[in-house]
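Beneath this line is the structure, given in structure tokens, with notes to follow.
The values are calculated or read from the model by the stated rules, or taken from the named source; none is laboratory data. Because the structure is a prediction, the values reported are computed rather than measured. All Cβ positions, even for glycine, are placed from backbone atoms using ideal geometry, and neighbour counts span all protein chains on display. Side chains included, ligands, DNA and RNA excluded: accessible areas come from the protein's heavy atoms. Shrake-Rupley method; radii C 1.70, N 1.55, O 1.52, S 1.80 Å.
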Amino acid sequence: MKAYLWLVMMLVWLGALLGGLWWIWPHLEAMRPTRDLFIGLAWLIAGGAAWLLALNLGVARYWRR
């Protein structure tokens with residue numbers, strides 16, 4: 001049960017990261033260095049790195065063979 005709860009939480013987190021990418025996409029297309037662009041990119045990079053770390057740790061803990 002814990003493994004499936006972890007999986008759902010990871011999917012929700014990934015959805016939030018994709019929502020952040022959707023929000024920042026117009027700023028990336030405009031290629032204007034604004035504060036929103038830098039803050040959004042920092043948020044996505046930090047969130048993506050944390051997501052990858054949590055994915056690695058969760059797979060090691062819940063999906064061992």
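Per-residue ellipticity at 222 nm for the chain, helices alone: DSSP H runs ≥ 4 residues times -39500 (n - 2.57), over residue total, nearest 500 deg cm²/dmol?
It lands at -31500 deg cm²/dmol.
Rounded to a whole number, what % of the accessible area of the chain do carbon and sulfur atoms account for, probe 1.4 Å?
Reported share for carbon and sulfur atoms: 73 percent.
Write down the accessible area per residue of the chain in Å², having rolled a 1.4 Å probe over the full set of protein chains.
On a per-residue basis, the chain sits at 83 Å².
For segment 12-28 and segment 39-65, what is the separation of their C-alpha centers, rounded to whole Å?
16
Let's see if you can work this out: charge +1 on each Lys and Arg Cβ, -1 on each Asp and Glu Cβ, no other charges. What is the dipole magnitude of the chain about its Cα centre, in debye to the nearest 20?
380
For the full complex of protein chains and a 1.4 angstrom probe, list Tyr4, Tyr62 by accessible area with the highest value first.
Output order, biggest surface exposure first: Tyr4, Tyr62.
Work from the charge dipole of the chain (Cβ charges, +1 for Lys and Arg, -1 for Asp and Glu, about the Cα centre) and give the residue of Met10, Trp22, Gly40 farthest towards its positive end.
It is Met10, whose Cα lies furthest towards the positive end.
Taking Rh as the Kirkwood radius, which is the inverse of the mean 1/r over Cα pairs, what is the Rg/Rh value for the chain?
Rg divided by Rh gives 1.13.
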